[in-house]
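Just below is one structure, and these are the notes that go with it.
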Amino acid sequence: DQDRTGRSLPVPAIFEGLGIVSAVGTLALGVLGTLQEHPDPEVGRKVFANVPDALVVIFYVGVAGFLWLMFHLLAARSRSWLQGQPEIRLGQWRQRFRRLGEGLRMETLMRDPKMGIIHSAIYYGFIVLFLGTVTLEIDHLLPPSLKFLEGGVYQGYSAILDLASLVYLGGLAAAAANRYGLRPWRIKSKTRPEDALILGLLALIGITGVLVEAARISLVGRPDFEVWSFVGYPISALIPATAAGDFHLAMWIAHVVAFVALLVVIPVTKLRHMFTSPANLFLSPRERPKGAMRPMPNLMEAEDIETIGVSLATDLTWKQIFDTDACTICGRCTSVCPANITGKPLDPREMVLKSGEIAAANVGVSPPVGTVMPIEPGSGLFDRITSEEAFACTACRACDEICPVDIEIVDRILDMRRHLTLMESDFPAELGKAFVAMENQSNPWGMSQQARGDWTEELEFEVPVFGENGKTTADYLWFVGCAGSFDDRNTAVSVALARLLHRAGIDFAILGKREVCTGDPARRSGNEFVFQQLALQNIGTFEEVGVKKVITQCAHCFNTIANEYPQFGGDYEVVHHSQLLASLLSQGRLPEPKTANGDRKKITYHDACYIGRWNDIYVAPREVVAAQGNVDLVEMPRHGTRGLCCGAGGARFWMEEQTGKKVNIERAQEALATDADEIAVACPFCFVMLDDGVKELGREDVKVRDLAMILAEGLEADPEDG
């Protein structure tokens, strides 16, 4: 929608131009068709047989007019996108065309296999039928000597189109059964009259197409070569030859009317996603990593910032507004949202639709389906969206991951938090304590910085600290993190990891009391000011000690240093401890442990969102678990890209859950249902949340432990290891 300079492209004018070209082209086809002779083929069909010339003229003129109207309405719709803020979505062309191809092949819909198959049946069936019509029109325009839809080619053509009709109508029947019969909640909650209109029009096009074919076959006496039309031919036997002419004409008119009605319905209903969804997939690759929030100016230096975050539709980027028109309203995002699943007020789909409604009202075009209250132009987003909804999000990215059209939902929620926190001071009271602690003690626990390195006292060797005892360089900075420094459960992880790094001969050092929080809790909760204070302080320290490579044991620290510090000039090679441990095992720098007895142990691994969905680290943690002797890795139903959040992300660790079921209890129950002896984690916040959940459920016999603890214990217990 915008070029690299941020200037708006004339999208409405482009749509208007497409409308004119489509209309003129359709009229030209009609004229060209009259210039050719159209003899009856021996084995084939004559186009427009039994259709009066006047109706043929009306057909071409009508289709031309309605094509223009469709693009005119899309042009009006596109004005909504132009009110958004600049955002560059150019470059990375290979990725863009790959994503477009995946969308056009329906691969992204297979994230939900059942609905993916149903939608694919409708999509591919419609595409083949449409291409069949185009092929017929091309043949119609050719002189008799060049016509190709005759003989065996025609018979094969007929069979293919009949098969496409079955697939198409079968998909529509399955979709109707799912929406009006099975009625899963995510579909039922957003079913509106327009859904029946859309399904009805699509079905009418398919049914009348079959009936037109059957009536035509009856009209020409059911010749044997038409048996290749294995759907239309049997039906033609039910249509008396005496009535075939009138019935054929009636069905042909109904078919055309249904088609032109569809052209009008597309731009004013969710069917516009036929155009916007593939375009959104094409636009989805972006310059910043998926683990990074939208960059902001340096608030320590900026003086002319009037507002922060998002509160109006015009504060959204054009891409975020375009997202709302790409939405298919399928509800997959809501079905995997941990907040929604556990009874919180957040509904990701509603967040998209509500912002789209307000954006649409600003330019006076139809809102997305689902509007339940009047929308006035200029209405703020928080006239429709509450702060409770925004702060219920765990920023786990499950919604973004499952969306078949790559809508970025988390971004808009976190941008709303920025406004609520810094412009309105509207945030959960518990966050205030964490904000003050991060500002004053440089960590959300409110602990003294002097105690950052106290956990090292448990070790039998000295942990090197940059700037102490002559330690000025190291291959790696180990960024321990606040949890690893202050939380009792997680200091045990730090001790275990220190022993493993020492044993493997890794040249590392920590910052000790010079390390401060990365700022992740502040940024994810909307306090960009505190985040930048902490981030700039860390970056300054990193530069001072000459850091190039960083080890983290916290998934949130990993994501922030790797993906967000570059926004402020902090570019480092960051490795999560699960990746490093897997690498050390594969290199033989750490031996694979063997259990001391023959009993097999079952371990289930919980995917941390901030190394999983945000950074695609799924294999390394499992390799560390699998390296244990006599261990069976058992997966939870929701794992990998579909893993359920522990409930701590998005700074939710620092907020109370006052509504619905606790997310950590939901996840702990799923983990316990695997009958695992242990639950492995790779993030300090996951550790605390799942450990609390297991204990609250009275299952203290099941251990929750970090990968480093499991590996260190395995090596200590290895009878063959000296």
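The values are calculated or read from the model by the stated rules, or taken from the named source; none is laboratory data. These numbers come from a predicted model, not from an experiment. Positions of Cβ are generated from backbone atoms using ideal geometry, with glycine treated the same way; all protein chains shown enter the neighbour counts.
Structure summary
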{"quantity": "Filter result (surrounded by fewer than 22 Cβ atoms within 10 Å (Cβ to Cβ), part of a helix (DSSP H, G or I) and out of contact with any Phe, Trp or Tyr (no Cβ under 8 Å at 6 or more places or on another chain)) within region 536-562", "calculated": "Q537, G540, T541, E543, E544"}
{"quantity": "Qualifying residues in region 452-481 (those that are in contact (Cβ under 8 Å) with a residue 60 or more places away in the chain and under 19 Å from C554 (Cα atoms)) - the one surrounded by the most Cβ atoms within 10 Å (Cβ to Cβ)", "calculated": "V480"}
{"quantity": "Test: L199 is within 26 Å of V352 (Cα to Cα) and modelled with pLDDT of 95 or more", "calculated": "yes"}
{"quantity": "Contacts under 7 angstrom Cβ, first residue in region 236-252 being more than 11 Å from E213 (Cα to Cα), partner part of a helix (DSSP H, G or I) and among the basic types (K, R), 6 or more apart", "calculated": "none"}
{"quantity": "Residues that are assigned to a loop (DSSP other than H, G, I, E, B) and of a type in the set (D, E), drawn from region 488-535", "calculated": "D507, E515"}
{"quantity": "Any hit, region 708-717, residues being modelled with pLDDT of 95 or more and within 30 Å of the chain's Cα centre (by Cα)", "calculated": "no"}
{"quantity": "Filtered residue count, region 197-231, keeping only those that are within 15 Å of W252 (Cα to Cα) and either over 41 Å from the mean Cα position of the chain (by Cα) or without any contact (Cβ under 8 Å) to a residue 60 or more places away in the chain (or both)", "calculated": "15"}
{"quantity": "Test: residue in region 56-69 that is touching a helix residue (DSSP H, G or I) at 6+ places or on another chain (Cβ under 6 Å), at pLDDT 95 or above, within 17 Å of S277 (Cα to Cα) and among the aromatic types (F, W, Y)", "calculated": "no"}
{"quantity": "Every residue from region 300-311 that is surrounded by fewer than 19 Cβ atoms within 10 Å (Cβ to Cβ) and in contact (Cβ under 8 Å) with a residue 12 or more places away in the chain", "calculated": "M300, T307"}
{"quantity": "Selection count where residues are in contact (Cβ under 8 Å) with a residue 60 or more places away in the chain and surrounded by 21 or more Cβ atoms within 10 Å (Cβ to Cβ), scope region 565-579", "calculated": "3"}
{"quantity": "Count of region 563-591 residues which are among the hydrophobic types (A, V, I, L, M, F, W, C) and outside any helix (DSSP H, G or I)", "calculated": "3"}
{"quantity": "Pairs where the first residue, in region 424-436, is closer than 14 Å to E528 by Cα and the second is among the aromatic types (F, W, Y), C-beta under 8 Å, 6+ apart", "calculated": "F427/F391; L431/W654; A434/W654"}
{"quantity": "The listed residue being at pLDDT below 95 and part of a loop (DSSP other than H, G, I, E, B), out of K594, K661", "calculated": "K594"}
{"quantity": "Whichever residue in region 609-647 is at pLDDT 95 or above, on the phi > 0 side of the Ramachandran plot and assigned to a loop (DSSP other than H, G, I, E, B) and, among such residues, is surrounded by the most Cβ atoms within 10 Å (Cβ to Cβ)", "calculated": "G647"}
{"quantity": "Residues satisfying the stated conditions in region 322-345, i.e. among the hydrophobic types (A, V, I, L, M, F, W, C) and buried (at least 24 other Cβ atoms within 10 Å of the Cβ)", "calculated": "F322, A326, C327, C333, V336, C337, A339"}
{"quantity": "Filtered residue count, region 666-688, keeping only those that are closer than 21 Å to I611 by Cα and either assigned to a loop (DSSP other than H, G, I, E, B) or out of contact with any strand residue (DSSP E or B) (no Cβ under 7 Å at 6 or more places or on another chain) (or both)", "calculated": "10"}
{"quantity": "Every residue from region 346-363 that is at pLDDT 95 or above, more than 17 Å from K188 (Cβ to Cβ) and not in a helix (DSSP H, G or I)", "calculated": "L346"}
{"quantity": "S485 vs. criteria in a loop (DSSP other than H, G, I, E, B) and among the small types (G, A, S)", "calculated": "no"}
{"quantity": "Any hit, region 227-245, residues being in contact with a strand residue (DSSP E or B) (Cβ under 9 Å, 6 or more places away or on another chain) and not hydroxyl-bearing (S, T, Y)", "calculated": "no"}
{"quantity": "Positions within region 383-400 being modelled with pLDDT of 95 or more, in a helix (DSSP H, G or I) and surrounded by fewer than 23 Cβ atoms within 10 Å (Cβ to Cβ), in sequence order", "calculated": "S387, E388, E389, D400"}
{"quantity": "Scan of region 77-110 for residues that are β-branched (V, I, T) and surrounded by fewer than 17 Cβ atoms within 10 Å (Cβ to Cβ), ordered by number", "calculated": "I88"}
{"quantity": "Residue check, I118 buried (at least 18 other Cβ atoms within 10 Å of the Cβ) and over 19 Å from T276 (Cβ atoms)", "calculated": "yes"}
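Yes/no matrix, rows are residues, columns are (1) touching a Gly at 6+ places or on another chain (Cβ under 7 Å); (2) modelled with pLDDT of 95 or more:
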position	(1), (2)
F247	no, yes
I253	no, yes
V260	yes, yes
K270	no, no
S277	yes, yes
N280	no, yes
M293	no, yes
F322	no, yes
C337	no, yes
